[in-house]
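Encoded as structure tokens, the structure appears first; notes follow it.
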Amino acid sequence: MPKILVVDDESSIRRTLKEILEFEKYEVDLAANGMDALDMAKAHPFDAILLDIKMPEMDGLEVLENLQKFTDCPVVMISGHGTIETAVEAIKKGAYDFIVKPPDLNRLLITIRNAIDKKDLVTQTKRLKKEVEKKYHIVGTSPKIVSLKEMIARVAPTQARVLIGGENGTGKELVARQIHEQSPRAKAPFIEVNCAAIPSELIESQLFGHEKGSFTSAIKQRKGDFELAHGGTLFLDEIGDMSLSAQAKVLRVLQENKITRVGGEKEIDVDVRVMAASNKNLPEQIKNGNFREDLYHRLSVIVMQVPPLRDRKEDIPLLVEYFIKELSESQGRPPLSVTDEALEMMKTFQWTGNVRELHNVVERLLILCEKEITADDVTRFVKPLML
């Protein structure tokens with residue numbers, strides 16, 4: 001049941017609002033002044049607050065300012081002396097809405113319902129953001145990972161383009177995500193394009209969009225990923241697999257910060273930070289004529305290399321613990337312990353699939369083992385399948 005705090009120095013107003021809201025199945029607490037309201041809001045979470053403006057000692061606007069310091073609960077201001085200037089000031093200071101006394105019952109209830117819906121949406125957004133941050137967390141304390149994290153922290157606040165190298169499964173996307181999350185563009189979109197997964201004849205439409213009728217299946221206009229990432233970050237994964245014609249167009253965008261949709265003539269300004277990654281040796285690709293040298297130099301303002309798992313085996317225990325917790329939570333099952341002997345055995349493998357392979361191995365062991373993961377379990381379920 002949603003919980004609402006009503007703050008008003010007039011007892012008749014408090015009682016009336018309480019009766020109305022309780023009839024609508026809300027739980028209601030009352031406060032007669034601003035100080036009591038602040039104490040109650042600190043002690044108990046509320047879904048919405050109805051706050052009078054004209055009160056002795058501390059008026060509603062001052063209470064509102066103090067509430068903003070420790071809660072994101074939506075506040076609806078109510079006043080019998082309402083003016084446009086007062087309403088504007090309240091909204092500027094963070095109020096959800098402003099209602100004049102005596103309140104219109106229908107408007108009051110709709111406003112409260114919308115305020116609570118907004119709070120639920122904000123809470124859900126924060127939860128999802130935490131889940132995303134957790135999903136793209138870089139785990140490890142080895143010297144190479146510490147150095148990589150330090151590099152991310154130095155590069156992220158800048159607008160520099162970043163080229164990320166590393167074998168498959170090492171976590172190149174994690175590095176790109178971390179740079180984005182620690183950058184001034186963190187609240188803007190992060191768009192990922194897997195250049196290896198998109199056919200060469202479709203990659204240009206994917207990146208730059210297309211106009212209706214520009215080709216057979218173009219039944220409507222479509223924005224490309226450069227437009228969708230405007231203000232944020234575009235991550236071109238496996239860029240070594242991009243066609244030469246698409247490379248030429250990407251180079252033009254990096255030079256001019258403008259794109260033209262397929263089949264269109266209008267130039268569109270874009271503000272995008274571009275990061276790219278590849279598991280291929282791009283200098284060799286340049287020598288073989290498969291990658292443009294000028295594009296390489298445009299992308300490689302900062303070059304970062306993600307180490308393979310075999311070069312940081314001391315991180316394996318931490319990674320195993322992290323994956324066990326993550327997978328157990330997602331599968332709704334209790335986590336298993338791992339013996340030291342099992343962890344030591346895991347350190348002896350080459351892990352050609354890197355961190356991605358380790359994640360799959362931990363998931364396999366969680367499914368097949370019962371009380372704990374032992375060295376015998378690793379010998380039985382993991383070792384025979386290692387390359």
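The values are calculated or read from the model by the stated rules, or taken from the named source; none is laboratory data. Remember, it's a predicted structure, so these values are computed and weren't measured experimentally. Cβ coordinates were reconstructed from backbone atoms using ideal geometry, including for glycine residues, and neighbour counts include every protein chain displayed.
At least 1 residues that are in contact with a Pro (Cβ under 7 Å, 6 or more places away or on another chain) in each: list the helices (runs of 4 or more DSSP H) lying fully within the stretch 292-387 that qualify.
Values: elements: 293-299, 316-331, 340-347, 354-368, 375-381.
Correct list: 316-331, 340-347, 354-368.
Identify, please: which residue in the stretch 100-113 is touching a residue at least 12 places away in the same chain (Cβ under 8 Å) and part of a helix (DSSP H, G or I) and is, among those, nearest to Leu5 (Cα to Cα)? Give the derivation first.
From the stretch 100-113, those touching a residue at least 12 places away in the same chain (Cβ under 8 Å) are 100-103, 105, 108-109, 111-112; that's our starting set.
Within this subset, residues satisfying the condition of being part of a helix (DSSP H, G or I) are 105, 108-109, 111-112.
On the way: Leu105: 17, Leu108: 14, Leu109: 14, Thr111: 14, Ile112: 11 Å.
Going through the qualifying residues, I end up with Ile112.
Which one of these is touching a strand residue (DSSP E or B) at 6+ places or on another chain (Cβ under 9 Å), more than 22 Å from Gly166 (Cα to Cα) and basic (Lys, Arg): Lys266, Lys325? Spell out the reasoning first.
On the way: Lys325 fails: touching a strand residue (DSSP E or B) at 6+ places or on another chain (Cβ under 9 Å).
Answer to the check: Lys266.
Sort out which residues of the stretch 12-39 are basic (Lys, Arg) and free of Cβ contacts under 8 Å to residues at least 24 places away in the same chain, and write them in order of number. Even if it seems obvious, please write down each step before you answer.
Within the stretch 12-39, the first condition is being basic (Lys, Arg), and the residues that meet it are 14-15, 18, 25.
Scanning the stretch 12-39 gives Arg14, Arg15, Lys18.
Just give me the residues in the stretch 321-357 being at positive phi and either without any contact (Cβ under 8 Å) to a residue 40 or more places away in the chain or assigned by TED's automatic domain parsing to the domain that holds Gly169 (or both), in sequence order. Lay out the reasoning, then the answer.
In the first step, residues of the stretch 321-357 are kept if they are at positive phi; the result is 332, 351, 354.
Gly332, the sole residue that qualifies.
Conditions tested, residue by residue: (1) closer than 24 Å to Leu251 by Cα; (2) under 17 Å from the mean Cα position of the chain (by Cα).
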residue	(1), (2)
Leu121	no, yes
Lys149	no, no
His180	yes, yes
Ala188	yes, yes
Ala197	yes, no
Phe208	yes, no
Phe215	yes, no
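Among the residues of the stretch 317-355, which ones are modelled with pLDDT of 95 or more, farther than 17 Å from Lys135 by Cα and out of contact with any helix residue (DSSP H, G or I) (no Cβ under 7 Å at 6 or more places or on another chain)?
Ser337, Asp340, Glu344, Thr348, Phe349, Thr352, Gly353
Among the residues that make up the stretch 55-72, is at least one of them surrounded by 20 or more Cβ atoms within 10 Å (Cβ to Cβ), within 14 Å of Ile4 (Cα to Cα) and touching a helix residue (DSSP H, G or I) at 6+ places or on another chain (Cβ under 8 Å)?
no
For the stretch 116-145, give me the residue count where each residue is touching a helix residue (DSSP H, G or I) at 6+ places or on another chain (Cβ under 9 Å), loosely packed, with under 14 Cβ neighbours inside 10 Å and at pLDDT below 85.
Going through the stretch 116-145 one residue at a time, the tally reaches 4.
Where residues in the stretch 165-196 are in contact with an Asp or Glu (Cβ under 8 Å, 6 or more places away or on another chain) and in a loop (DSSP other than H, G, I, E, B), which of them is nearest to Phe226 (Cα to Cα)?
Cys195
Given the criterion acidic (Asp, Glu) and under 19 Å from Cys195 (Cα atoms), identify the matching residue among Glu321, Glu326, Glu314, Glu293. Before the answer, list the steps.
Working: Glu321 fails: under 19 Å from Cys195 (Cα atoms); Glu326 fails: under 19 Å from Cys195 (Cα atoms); Glu314 fails: under 19 Å from Cys195 (Cα atoms).
It is Glu293.
If you check Phe235, Phe208, Phe215, which single one turns out to be in the same structural domain as Leu163 (by TED's automatic domain parsing), in contact (Cβ under 8 Å) with a residue 12 or more places away in the chain, among the aromatic types (Phe, Trp, Tyr) and surrounded by fewer than 18 Cβ atoms within 10 Å (Cβ to Cβ)?
On the way: Phe235 fails: surrounded by fewer than 18 Cβ atoms within 10 Å (Cβ to Cβ); Phe208 fails: surrounded by fewer than 18 Cβ atoms within 10 Å (Cβ to Cβ).
Answer to the check: Phe215.
Residue by residue through the stretch 250-273, note down the ones that are surrounded by fewer than 20 Cβ atoms within 10 Å (Cβ to Cβ) and within 19 Å of Ala196 (Cα to Cα).
Within the stretch 250-273, Leu251 is the sole residue that qualifies.
If you take the residues of the stretch 349-367 that are under 28 Å from the mean Cα position of the chain (by Cα) and among the aliphatic types (A, V, I, L, M), which of them is farthest from Val338 (Cα to Cα)?
Step by step, filter the stretch 349-367, then rank; the result is Val355.
Would you be able to tell me the number of residues in the stretch 274-287 that are under 15 Å from Gln247 (Cα atoms), of a type outside the set (Val, Ile, Thr) and outside any helix (DSSP H, G or I)?
Total satisfying the criteria: 4.
Would you be able to say whether some residue in the stretch 50-66 is within 36 Å of the chain's Cα centre (by Cα), closer than 21 Å to Val100 by Cα, outside any helix (DSSP H, G or I) and in the same structural domain as Lys101 (by TED's automatic domain parsing)? Show your work before the answer.
Here is the first cut: in the stretch 50-66, the ones within 36 Å of the chain's Cα centre (by Cα) are 50-51, 60-66.
Filter again for closer than 21 Å to Val100 by Cα, leaving 50-51, 60-65.
From what is left, the residues that are outside any helix (DSSP H, G or I) are 50-51.
With the extra rule that they be in the same structural domain as Lys101 (by TED's automatic domain parsing), the set shrinks to 50-51.
Scanning the stretch 50-66, I find at least one residue that is within 36 Å of the chain's Cα centre (by Cα), closer than 21 Å to Val100 by Cα, outside any helix (DSSP H, G or I) and in the same structural domain as Lys101 (by TED's automatic domain parsing), so the answer is yes.
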